[in-house]
Amino acid sequence: MYVQGGPVIPWKPGRVDGQPTDCPPDGRLPDGANPSPQHPRDVFYRMGFNDQEIVALIGAHTLGRCHTDRSGFDGPWTFSPTAFSNSYFVEILNRKWVDKNWKGPKQFVDKETGQLMMLPADVAFIKDSGFKKWVETYAKDEKKYFEDFAKAYQKLLELGVPYKEGTQELRFKVVSA
Ligand code: HEM
């Protein structure tokens, strides 16, 4: 997917392919159906991320959408799912989220248009005060969001990579609007 806008993200290549035996046990990835704020903490603290970094990372849900034939959930989080922005934070804070009336898994839709969605796991970020203060910060200040996202995402990309000495930092290309 070509993404419009967003921060420049420095990163270093070097992650190597693993073997089947390197696979962690099931259940270590975050679960969209889990509404507990403890759940993202269980997943991300063990990788060395704090609450601010976790919120910065989840803001990537400004991009893309859920698919019924993949996760079973349905719909985008924002009206501009191919442009990187702080819209995820603005939408989650300012809209009223109600249960989606359907046969699929429990998820939320925005009451006004019925076109946007939030996962039970997303809503945890406005229920918990330690997370919510960062949602509010990033909804107000897109520049700070871009800076913090770039740092947290670089950390995620480079986590545990056995770099060869002298590996150079690269930059993702940014397509301007
Ligand atoms: C609590 C943590 C997280 C949960 C529970 C979660 C859950 C999900 C779910 C259920 C989907 C829908 C998949 C589908 O149906 O196609 C999704 C999509 C997506 N997630 Fe997350 N996610 C989390 C963290 C992250 C992070 C850390 C990033 C990146 C930094 C991220 C980026 C994305 C993107 C870009 C999509 C859209 C993919 C597409 O359009 O095909 N998510 N996520």
Examine the stretch 70-91 for a residue that is among the acidic types (Asp, Glu) and under 21 Å from Phe149 (Cβ atoms), and state whether such a residue exists.
-> yes
Quickly run through the stretch 71-82 and pick out the residues that are open to solvent by 20 Å² or more (accessible area, probe 1.4 Å), within 23 Å of Gln4 (Cβ to Cβ) and of a type outside the set (Ser, Thr, Tyr).
-> Pro76, Phe79, Pro81
Taking the stated definitions as given, is Arg46 more than 10 Å from the ligand (Cβ to nearest atom), loosely packed, with under 11 Cβ neighbours inside 10 Å, within 18 Å of the chain's Cα centre (by Cα) and not small (Gly, Ala, Ser)?
-> yes
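Let's see how each residue does on (1) within 12 Å of the ligand (Cβ to nearest atom); (2) within 15 Å of the chain's Cα centre (by Cα); (3) open to solvent by less than 70 Å² (accessible area, probe 1.4 Å):
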site	(1), (2), (3)
Asn94	no, no, no
Gly104	yes, no, yes
Ala124	yes, yes, yes
Lys140	no, no, no
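Report yes if Ile9 is within 15 Å of the ligand (Cβ to nearest atom), within 27 Å of Thr167 (Cβ to Cβ), modelled with pLDDT under 95 and open to solvent by less than 50 Å² (accessible area, probe 1.4 Å), otherwise no. Write out each step before concluding.
Numbers: within 15 Å of the ligand (Cβ to nearest atom): yes; within 27 Å of Thr167 (Cβ to Cβ): yes; modelled with pLDDT under 95: yes; open to solvent by less than 50 Å² (accessible area, probe 1.4 Å): yes.
It is true that Ile9 is within 15 Å of the ligand (Cβ to nearest atom), within 27 Å of Thr167 (Cβ to Cβ), modelled with pLDDT under 95 and open to solvent by less than 50 Å² (accessible area, probe 1.4 Å).
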Among the residues of the stretch 149-158, is any modelled with pLDDT under 95, open to solvent by 30 Å² or more (accessible area, probe 1.4 Å), over 14 Å from the mean Cα position of the chain (by Cα) and not small (Gly, Ala, Ser)?
-> yes
If we scan the stretch 72-81, do we find a residue that is under 25 Å from Lys173 (Cα atoms) and among the acidic types (Asp, Glu)?
-> no
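The values are calculated or read from the model by the stated rules, or taken from the named source; none is laboratory data. Just so it is clear, the structure is predicted and the values come from calculations on it, not from any experiment. A quick note on method: Cβ atoms are made from the backbone with ideal geometry, for glycine too, and the neighbour counts reach across all protein chains shown. These area figures cover heavy atoms from the full protein model, side chains too; ligands, DNA and RNA do not enter into them. Shrake-Rupley method; radii C 1.70, N 1.55, O 1.52, S 1.80 Å.
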